[in-house]
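*Asks:* Below is one structure. I have some questions about it.
The values are calculated or read from the model by the stated rules, or taken from the named source; none is laboratory data. Keep in mind it's a predicted model, so treat the numbers as computed, not measured. Neighbour counts run over all protein chains shown; Cβ positions are idealised from the backbone, glycine included. Heavy atoms of the whole protein, side chains included, go into the accessibility calculation; ligands, DNA and RNA do not. Shrake-Rupley method; radii C 1.70, N 1.55, O 1.52, S 1.80 Å.
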Amino acid sequence: MAGTLEPHLEALRRELPAAGPAVLSVLLALLAVAITFLIWRFVQGRRSSRKAVLLLGLCDAGKTLLFARLLTGRYRDTQTSITDSSAVYRVSNDKSANVTLIDLPGHESLRLQFLERFKAAARAIVFVVDSVAFQREVKDVAEFLYQVLVDSTVLKNAPALLIACNKQDVTMAKSAKLIQQQLEKELNTLRVTRSAAPTSLDGSATGSPAQLGKKGKDFDFSQLPMKVEFVECSARGSKGEEGDADFEGLEKWLAKIA
């Protein structure tokens, strides 16, 4: 095979200098386009193999009701989950586009265990926040979100992240803007304290192995490798059990990432 191609390669070598720099530039440009296309196909292939959208959050944030409403449109009474639930969610305006929604337990003793199981399959993450209880839970919310954001697999795959500010039907609910500001402040504090954490008795570091955001700058979500968006929503809806949920922003986001 090599012997057959050798005369043609030799002819190409002789012709290239004679062809001049213009032809060489065109060939180099075509080569660059081909390499870019191959890289794009590789990235798209990896992304298409990840079809899961993980619903994360603390207990009672409303993940399971959001999960049920998205799939059935109906209200149902829920209780604290101790295992995962999954189902295929089809985008309403494109029946061929779908993702697998996975509702993960929010209990402190379970949530990281289940995140470990499903994180590699995540195309996107919906982190659900209780907008009513947020002021008293902000440290716990930030702690869990921090653990998610510094996870090596999450950092590598950079799934799209939506912070869903739930329970907006309640008068005392905090706005998405305030929740974003408070989370950035708390995450910045966690980053500082974790980076300054002492080593344990066995010599291992007790702090997080990954750096959150940009060193030397106050943290904000734009510094992360994944795109982060905030939406206000209500799984219960303003009319309660008999009415519809209010999560148009969430549905649009799911359609975009599906």
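*Asks:* If you rank ASP103, ASP244, ASP169 by how much accessible surface each has, with a 1.4 Å probe, what is the order from largest down?
*Replies:* ASP244, ASP169, ASP103
*Asks:* Just the accessible area per residue of region 136-195, please: how many Å² with a 1.4 Å probe?
*Replies:* For region 136-195, the solvent-accessible area averages 46 Å² per residue.
*Asks:* Can you list the residues of region 113-137 with backbone N under 11 Å from a point 7 Å past the Cα of LEU71, pointing along Cα to Cβ?
*Replies:* Zone members listed by number: none at all.
*Asks:* All other residues with a Cβ under 14 Å from the Cβ of ARG136 taken together, and with Lys, Arg as +1 and Asp, Glu as -1, what is their net charge?
*Replies:* Charge balance near ARG136 sits at -3.
*Asks:* By how many nm would the segment from LYS217 to SER109 grow when fully extended, if each residue of separation counts as 0.36 nm and the alpha-carbon distance is taken off?
*Replies:* 35.6 nm
*Asks:* Please give me, ordered by residue number, the trypsin sites (Lys or Arg not before Pro) of region 59-99 that lie in loop per DSSP and have at most 12 other Cβ atoms within 10 Å.
*Replies:* For trypsin sites (Lys or Arg not before Pro) across region 59-99 that sit outside H, G, I, E and B with at most 12 neighbouring Cβ atoms in 10 Å, the list reads ARG74, ARG76, LYS95.
*Asks:* So, counting K/R as plus one and D/E as minus one, what does the shell of residues with Cβ under 10 Å around PRO105 add up to?
*Replies:* Around PRO105, the charge tally is -1.
*Asks:* Only residues of region 219-234 count here: report those whose backbone N is under 19 Å from the spot 7 Å along Cα→Cβ of ALA196, or say none.
*Replies:* 219-220
*Asks:* Using a probe of 1.4 angstrom, how much of the accessible area of region 54-108 is carbon and sulfur, in percent?
*Replies:* 42
*Asks:* A further question follows. For region 73-131, rounded, prolate or oblate, judged on the Cα gyration tensor with a ≥ b ≥ c (square roots of eigenvalues), a/c < 1.5 rounded, else prolate if a/b > b/c?
*Replies:* The shape class here is oblate.
*Asks:* Moving on to the next point. Once you have a ≥ b ≥ c as the square roots of the Cα gyration tensor eigenvalues for region 74-197, tell me rounded if a/c is under 1.5, and otherwise prolate or oblate according to whether a/b is larger than b/c.
*Replies:* In terms of gyration-tensor shape, oblate.
*Asks:* Three principal axis extents, largest first, for the C-alpha atoms of region 124-258, in Å?
*Replies:* On the principal axes, region 124-258 reaches 57, 33, 27 Å in Cα extent.
*Asks:* For ALA97 and THR153 in the same chain, what is the full-extension length gain: residue separation times 0.36 nm, less their Cα-Cα distance, in nm?
*Replies:* Full extension from ALA97 to THR153 adds 17.7 nm.
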